[in-house]
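Quick notes on the structure that follows.
The values are calculated or read from the model by the stated rules, or taken from the named source; none is laboratory data. The structure presented is a predicted model; accordingly, all values stated were derived computationally and were not measured. Counting neighbours? That spans all protein chains shown, and the Cβs are built from the backbone with ideal geometry, glycine included.
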Amino acid sequence: MILSFTLSMPNVASWNGEWSGEGKLYAIVKNFGRSKKTAEKVQAILDKGYFRYNFGDGWSAGVTVKEVDVKEAAKIRKKSAGFFGYNWMIDSIIQDGIITVPSECKHVEGVEEEK
């Protein structure tokens, strides 16, 4: 199973109300193993589909998760500008089912790392 994680900034607290990354695709595609435990975790993530993180300073990030096929995954990889340094959010979603602070994230079994 392949999931895409797409970053957005629904709340922007900059002086001009804009995010410097606006208009670019920030997405990462991850391949998941096929064990029953992994499948259950992936399904819970897909059932929720959208995760939000409040930075506490007027900014918040959103991560939309969806299942993609191999062809769409390749397109996303080609177009993506990375994940704006917020890869820890993906790790947290996979590990905890929510976005938690980066210091609490760790590698998750059953997930292949992007290269």
Next item on the list: Identify the single condition in (1) modelled with pLDDT of 95 or more; (2) touching a Phe, Trp or Tyr at 6+ places or on another chain (Cβ under 9 Å) that residue 69 does not satisfy, given that it satisfies every other one.
Entry: (2)
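I'd like to know if region 41-53 contains one or more residues that are more than 12 Å from residue 6 (Cα to Cα), within 10 Å of the chain's Cα centre (by Cα), part of a helix (DSSP H, G or I) and not aliphatic (A, V, I, L, M).
Taking region 41-53 first, the residues more than 12 Å from residue 6 (Cα to Cα) are 41-48, 53.
If we keep only those that are within 10 Å of the chain's Cα centre (by Cα) as well, we get none.
No - not one qualifying residue is present in region 41-53.
Within region 30-37, does at least one residue satisfy the condition of being touching a residue at least 60 places away in the same chain (Cβ under 8 Å), over 23 Å from residue 75 (Cα atoms) and not β-branched (Val, Ile, Thr)?
So far as region 30-37 goes, yes, one or more of its residues are touching a residue at least 60 places away in the same chain (Cβ under 8 Å), over 23 Å from residue 75 (Cα atoms) and not β-branched (Val, Ile, Thr).
So, residue 36, is that one out of contact with any His (no Cβ under 7 Å at 6 or more places or on another chain), within 20 Å of residue 97 (Cβ to Cβ), modelled with pLDDT under 95 and among the charged types (D, E, K, R) or not?
Details: out of contact with any His (no Cβ under 7 Å at 6 or more places or on another chain): yes; within 20 Å of residue 97 (Cβ to Cβ): yes; modelled with pLDDT under 95: yes; among the charged types (D, E, K, R): yes.
Here the answer is yes, as residue 36 does meet what is asked.
State whether one or more residues within region 82-95 are within 15 Å of the chain's Cα centre (by Cα), loosely packed, with under 11 Cβ neighbours inside 10 Å and at pLDDT below 95. Can you show your working first?
Taking region 82-95 as the starting set, the residues that turn out to be within 15 Å of the chain's Cα centre (by Cα) are 82-95.
Among the residues that remain, those that are also loosely packed, with under 11 Cβ neighbours inside 10 Å are: 85.
From what's left, at pLDDT below 95: 85.
Yes; the residues of region 82-95 include at least one that is within 15 Å of the chain's Cα centre (by Cα), loosely packed, with under 11 Cβ neighbours inside 10 Å and at pLDDT below 95.
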